[in-house]
Amino acid sequence: MIDKDGKVLARRECTTDADRGYAEALRRIIEMLRATAQTANTEISGIGIGSTGPVYPLTGEIGDVNFFPHWKGENPVQDLEQAFQVKVAMENDADAAALGEAGWGAGRNKSRLIYVTIGTGIGTGLILDGQLYRGADQSHPEIGHHVIDPSGPLCLCGFRGCWESLAAGPAMVTWIEKNAPPDYSHRADLTAKKICELARQGDSWAMRSVEHEGRYLGLGLANLVTMFVPEVIVLGGSVMKSAVLFLEGIRKVIAASCRFVPYQQTALVLASLGEDANLIGAGRVWFHSFGSEVATGAI
Ligand SMILES: [Zn+2]
């Protein structure tokens with residue numbers, strides 16, 4: 001529950017449990033929304049949704065989503081409108097976080113902004129002239145899956161060597177598994193987070209993995225700078241909690257690769273909404289759709 005300035009008033013969270021079905025999930029969402037409004041001691045005046053995609057923002061339908069295999073065609077926008085008698089808006093979750101950062105976070109007052117979240121995958125949201133960019137059929141462009149190295153690993157998107165396959169958190173683990181000697185002492189239970197910790201402690205394989213990650217993150221970001229020259233790229237997601245390890249590498253690649261554009265004009269900044277980025281972003285989705293209408297309560 002957030003107010004009209006993006007401040008979190010109350011929050012509640014649960015796992016999706018997609019296998020229990022859409023109707024059951026909807027029931028839980030409605031229950032949690034009512035309980036959260038009660039905690040915040042306020043009325044709900046609108047509902048914003050940030051969902052893993054593909055989703056269809058203009059109709060409110062869920063597409064063919066990997067994480068909820070049997071929910072295709074369900075319409076949480078209509079269902080929640082009916083349950084609460086308020087307007088509801090939905091966007092892809094990366095677009096929602098982009099709108100949040102653009103409206104209330106690190107990208108405030110910038111009209112050309114790219115949000116990039118780097119965690120188990122790479123999600124992006126593109127805002128041009130203050131508006132969220134959509135492709136044909138309301139589609140969300142999958143910038144995280146543009147190709148960096150055609151000889152790289154095969155991804156579910158169909159490409160070999162897309163950015164996500166080479167630079168999302170799991171790629172750091174894969175790199176060490178492939179390159180470190182068999183007796184490398186931290187082989188078991190490696191995660192991107194653990195690798196960052198080890199790198200900070202001076203572990204040489206972890207440091208090499210971090211260097212590799214910085215270079216591949218940098219390549220993707222340099223491509224974005226060359227193609228869009230945004231005023232700002234906002235970096236978020238779990239891997240960016242260790243941004244200090246990667247920023248120098250990223251900047252080096254951009255400076256070496258983007259000579260045909262004024263790359264110095266693109267600020268690289270860290271997301272400022274932190275753990276609540278998705279929550280606040282979902283609220284901002286509502287403002288993006290219906291913001292000209294006065295909101296007196298909470299979203
Ligand atoms: Zn891919």
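The values are calculated or read from the model by the stated rules, or taken from the named source; none is laboratory data. None of these values were measured; they are calculated from a predicted model. FYI the Cβ positions are ideal-geometry reconstructions off the backbone, even for glycines, and counts take in every protein chain you see. What goes into the accessible areas is simple: the full protein's heavy atoms, side chains included, and nothing from ligands, DNA or RNA. Shrake-Rupley method; radii C 1.70, N 1.55, O 1.52, S 1.80 Å.
Of everything in segment 200-234, what is more than 21 Å from the chain's Cα centre (by Cα), part of a loop (DSSP other than H, G, I, E, B) and either under 25 Å from G274 (Cα atoms) or of a type in the set (V, I, T) (or both)? Give them in sequence order. If the condition is that a residue be more than 21 Å from the chain's Cα centre (by Cα), part of a loop (DSSP other than H, G, I, E, B) and either under 25 Å from G274 (Cα atoms) or of a type in the set (V, I, T) (or both), then Q201 is the only one that fits.
The rows are residues; the columns are (1) open to solvent by 50 Å² or more (accessible area, probe 1.4 Å); (2) closer than 19 Å to A267 by Cβ; (3) among the β-branched types (V, I, T).
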| site | (1), (2), (3) |
| --- | --- |
| N92 | no, no, no |
| E101 | no, yes, no |
| G107 | no, yes, no |
| R112 | yes, yes, no |
| T117 | no, yes, yes |
| L128 | yes, yes, no |
| L132 | no, no, no |
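Counting only residues that are charged (D, E, K, R) and within 20 Å of the chain's Cα centre (by Cα), segment 146-170 holds 1 of them.
Out of everything in segment 151-166 that is small (G, A, S), on the phi < 0 side of the Ramachandran plot and surrounded by 13 or more Cβ atoms within 10 Å (Cβ to Cβ), what residue ends up being nearest to the ligand (Cβ to nearest atom)? Once the filter is applied, the top-ranked residue is S165.
Within the span defined as segment 48-71, every residue fails to be touching a strand residue (DSSP E or B) at 6+ places or on another chain (Cβ under 7 Å) and assigned to a helix (DSSP H, G or I).
One residue stands out in segment 247-296 among those that are in contact with a Gly (Cβ under 9 Å, 6 or more places away or on another chain), open to solvent by less than 20 Å² (accessible area, probe 1.4 Å) and within 30 Å of K7 (Cβ to Cβ): the one that is modelled with the lowest pLDDT, namely A295. For segment 224-241, state whether one or more residues are within 20 Å of D95 (Cα to Cα), in contact with a Lys or Arg (Cβ under 7 Å, 6 or more places away or on another chain), aliphatic (A, V, I, L, M) and open to solvent by less than 40 Å² (accessible area, probe 1.4 Å). Yes, some residue in segment 224-241 is within 20 Å of D95 (Cα to Cα), in contact with a Lys or Arg (Cβ under 7 Å, 6 or more places away or on another chain), aliphatic (A, V, I, L, M) and open to solvent by less than 40 Å² (accessible area, probe 1.4 Å).
For segment 125-133, does any single residue satisfy the condition of being in contact (Cβ under 8 Å) with a residue 24 or more places away in the chain, assigned to a loop (DSSP other than H, G, I, E, B) and of a type in the set (S, T, Y)? No: zero hits. So, T124, is that one surrounded by fewer than 17 Cβ atoms within 10 Å (Cβ to Cβ) and among the β-branched types (V, I, T) or not? For T124, the condition - surrounded by fewer than 17 Cβ atoms within 10 Å (Cβ to Cβ) and among the β-branched types (V, I, T) - is not met. For segment 167-199, the tally of residues that are open to solvent by 60 Å² or more (accessible area, probe 1.4 Å) and part of a loop (DSSP other than H, G, I, E, B) stands at 7.
To keep it simple, each residue is scored yes or no on (1) more than 16 Å from the ligand (Cβ to nearest atom); (2) within 22 Å of L273 (Cβ to Cβ).
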site: I143; (1), (2): no, yes
site: I148; (1), (2): no, no
site: P170; (1), (2): no, no
site: V173; (1), (2): yes, no
site: E177; (1), (2): yes, no
site: L198; (1), (2): yes, no
